[in-house]
1. Count, please, the residues in region 182-223 that happen to be under 30 Å from Ala121 (Cα atoms) and small (Gly, Ala, Ser).
2. In region 164-181, which residues are loosely packed, with under 14 Cβ neighbours inside 10 Å and small (Gly, Ala, Ser)?
3. Taking interchain pairs and intrachain pairs at least six residues apart, which have beta carbon atoms under 7 angstrom, with the first residue in region 45-74 and over 30 Å from Asp18 (Cα atoms) and the second among the charged types (D, E, K, R) and in a helix (DSSP H, G or I)?
4. Looking only at region 153-163, how many residues end up being buried (at least 19 other Cβ atoms within 10 Å of the Cβ) and over 16 Å from the mean Cα position of the chain (by Cα)?
5. Among the numbered conditions (1) surrounded by 15 or more Cβ atoms within 10 Å (Cβ to Cβ); (2) at pLDDT 95 or above; (3) of a type outside the set (S, T, N, Q), tell me where Lys101 comes up short.
6. Against the definition (in a helix (DSSP H, G or I) and touching a helix residue (DSSP H, G or I) at 6+ places or on another chain (Cβ under 6 Å)), how does Leu174 come out, yes or no?
7. I'd like to verify a number: residues in region 104-143 that are over 20 Å from the mean Cα position of the chain (by Cα) and crowded, with 24+ Cβ neighbours inside 10 Å, how many?
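The values are calculated or read from the model by the stated rules, or taken from the named source; none is laboratory data. If you're wondering where the values come from, they're calculated on a predicted model, not measured in any experiment. Using ideal geometry, Cβ is built from the backbone for each residue, glycine included, and neighbour counts are taken over all protein chains shown. These area figures cover heavy atoms from the full protein model, side chains too; ligands, DNA and RNA do not enter into them. Shrake-Rupley method; radii C 1.70, N 1.55, O 1.52, S 1.80 Å.
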Amino acid sequence: MELLLDTGNVKEIKELYDILPIDGVTTNPTIVSKEKKKFVDLINEIDSIVGENTPIHGQVLSIRYEEILKEALFISGLRKNMYVKIPVTNDGLKAIKELKKKGIKITATAIFTAHQGFLAAKAGADYVAPYVNRLDNISADGVNTVKDLVNIINVNNLNSKVLAASFKNAQQVLELMKFGVHSVTVPADIIRAMMSHPLTDWSVDKFIEDWENAFGKGIKTNG
């Protein structure tokens with residue numbers, strides 16, 4: 001399973017990329033706007049941290065077919081391993097189909113039903129990104145929608161991966177990890193929550209306390 005960071009904050013990316021085996025970084029127009037930086041400059045900054053072989057996902061803004069194509073070609077050319085995020089509107093699906101012919105790496109986004117995810121995968125998207133918590137917020141079931149989409153992709157042997165997105169808590173991520181989701185993109189605060197537990201800290205402190213009571217500070221490494 002792939003683990004991606006859903007953030008454009010370079011401080012967070014540096015911190016977590018240094019600790020964990022991160023498989024990529026996803027952005028969207030909202031994430032980019034929060035950083036108060038030009039889109040191209042931000043992508044270059046992220047690239048300098050993760051390296052050219054780590055995927056970065058950047059999203060088109062236009063909603064018209066011809067403009068989506070232009071923006072997608074521009075974004076794709078920003079770096080070696082760049083995925084273009086395209087919402088699954090009618091024009092978006094048409095653009096995905098055409099861009100796939102050109103060999104552009106595509107992440108279909110703003111997916112709220114398994115039907116949409118299937119159609120995007122069928123059109124040629126490399127990743128399909130359903131929104132988990134946004135579905136929960138409208139009294140739908142985000143986790144089960146993602147599970148349905150994973151099953152559809154697997155059963156039909158489609159050459160696409162489900163990239164679950166829009167998480168509110170670590171439990172949502174866990175439920176999809178247990179099911180076998182192909183990939184998740186997770187905000188920094190949720191990744192930190194996944195890493196931490198108060199009993200881990202307590203256990204480490206207890207190990208040190210017991211050792212120091214018996215042997216003094218530290219393990220002697222000089223013989």
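1. Counting residues in region 182-223 that are under 30 Å from Ala121 (Cα atoms) and small (Gly, Ala, Ser) gives 2.
2. The answer is Gly180, and nothing else.
3. Listed pairs, sorted by first residue: Leu61/Glu71; Ser62/Glu71; Ile63/Asp91; Arg64/Asp91; Tyr65/Asp91; Tyr65/Lys94; Ile68/Asp91; Leu69/Glu98.
4. Number of matching residues: 1.
5. Condition not satisfied by Lys101: (1).
6. no
7. Total meeting the criteria: 0.
Quick grid of which residues meet (1) open to solvent by 80 Å² or more (accessible area, probe 1.4 Å); (2) at positive phi; (3) charged (D, E, K, R); (4) at pLDDT below 95:
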position: Glu67; (1), (2), (3), (4): no, no, yes, no
position: Leu78; (1), (2), (3), (4): no, no, no, no
position: Val84; (1), (2), (3), (4): no, no, no, no
position: Lys94; (1), (2), (3), (4): yes, no, yes, no
